[in-house]
Amino acid sequence: MADFTYRGVVGGGEPEQREFAVASGAAASIAIGDIVEIANGYAAVSADGGMAAGNLLTGLAISTSTDTAAADGVVNVLYSTSGLIVEGLATTAGNLVTAVLFDKVSLDVAAGVQKVDENAAGAMLIYELDSDSATTGICRVVLPFTLAS
């Protein structure tokens, strides 16, 4: 199962898709549904505490990367300059109450699984909760699109 699923674009419209390079070092280091950050033309999986700075182009991997331990690869990434809406799980479902709506949050990564860290400030924005989110942990967040300075 993918960590995150595409749900839309802020303000409507269509997202953009682009192939980015992935640095060598691991086999298939990016999976479909991973939130990625782009820096210096390379895509990488957002790490634990990621999205804190909010100064990188971010998007959602829609292919598995082709990198290996010895060779660079590529990955297809979906992004939007107005913000990409994705759905994923929060670290602690019970913390998803209406008070966290429109809070800026970061990522929690444990055992390679990315989740919304609803307790840590960051650059993602909690956009939507369902009436059952405090039980299921499912929430929607907006991935920012900001070019590195």
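Values quoted throughout were computed directly from the atomic coordinates according to the rules given, and no laboratory measurement underlies them. No experiment lies behind these values; they were computed from the predicted model shown. Neighbour counts run over all protein chains shown; Cβ positions are idealised from the backbone, glycine included.
A crude spin-label estimate for the pair Arg18 and Ala47, with each label 7 Å from Cα along the Cβ direction, gives 2.3 nm. Computed across the chain, the Kirkwood radius stands at 15.2 Å (inverse of mean 1/r, all Cα pairs). In terms of other Cβ atoms within 10 Å, Phe145, Phe102, Phe20 run from fewest to most in the order Phe102, Phe145, Phe20.
Return the single residue from Gly49, Gly25, Gly122 with maximal mean-square fluctuation; model: Gaussian network over the chain, springs between Cα atoms under 10 Å. Looking only at Gly49, Gly25, Gly122, the biggest GNM fluctuation is shown by Gly25. Which of these, Asn95, Asn40, Asn76, has the largest mean-square fluctuation under a Gaussian network model of the chain (Cα springs below 10 Å)? It is Asn40. 3J(HN,Hα) couplings calculated from phi for segment 72-78 with the Karplus curve 6.51 cos²θ - 1.76 cosθ + 1.60 (θ = phi - 60°) are, in sequence order, 4, x, 9, 8, 8, 10, 9 Hz; Gly and Pro show x. The GNM of the chain, with springs linking C-alpha atoms under 10 angstrom apart, assigns the highest mean-square fluctuation among Ile126, Ile85, Ile138 to Ile138.
Using the beta-carbon distance between Ile62 and Ser131 and R0 = 30 Å, what value does 1/(1 + (r/R0)^6) give for FRET efficiency, to the nearest 0.05? It would help to have the intermediate numbers written out before the result.
Working: r = 29 Å, r/R0 = 0.98.
After rounding to 0.05, the efficiency reads 0.55.
The HN-Hα couplings worked out from phi for segment 82-88 by the Karplus form 6.51 cos²θ - 1.76 cosθ + 1.60 (θ = phi - 60°) are 8, x, 9, 9, 10, 10, x Hz, whole numbers, x standing for Gly and Pro.
Each residue of segment 102-119 was assigned a 3J(HN,Hα) from its phi angle through the Karplus curve 6.51 cos²θ - 1.76 cosθ + 1.60 (θ = phi - 60°); the sequence is 6, 7, 8, 9, 10, 9, 10, 10, 9, 6, x, 9, 8, 9, 6, 8, 5, 9 Hz, with glycine and proline shown as x.
As a rough footprinting exposure proxy, the listed residues Tyr6, Tyr79 were ranked by other beta carbons within 10 Å of their own, and the order from fewest upward is Tyr6, Tyr79.
Near Leu125, the amide H atoms lying under 5 Å from its own belong to Val105, Val142; only residues 5 or more places off or on other chains count, and H is placed 1.01 Å from N.
Listed by Cβ neighbour count within 10 Å, with the fewest neighbours leading, Val142, Val74, Val116, Val36 appear as Val74, Val142, Val36, Val116.
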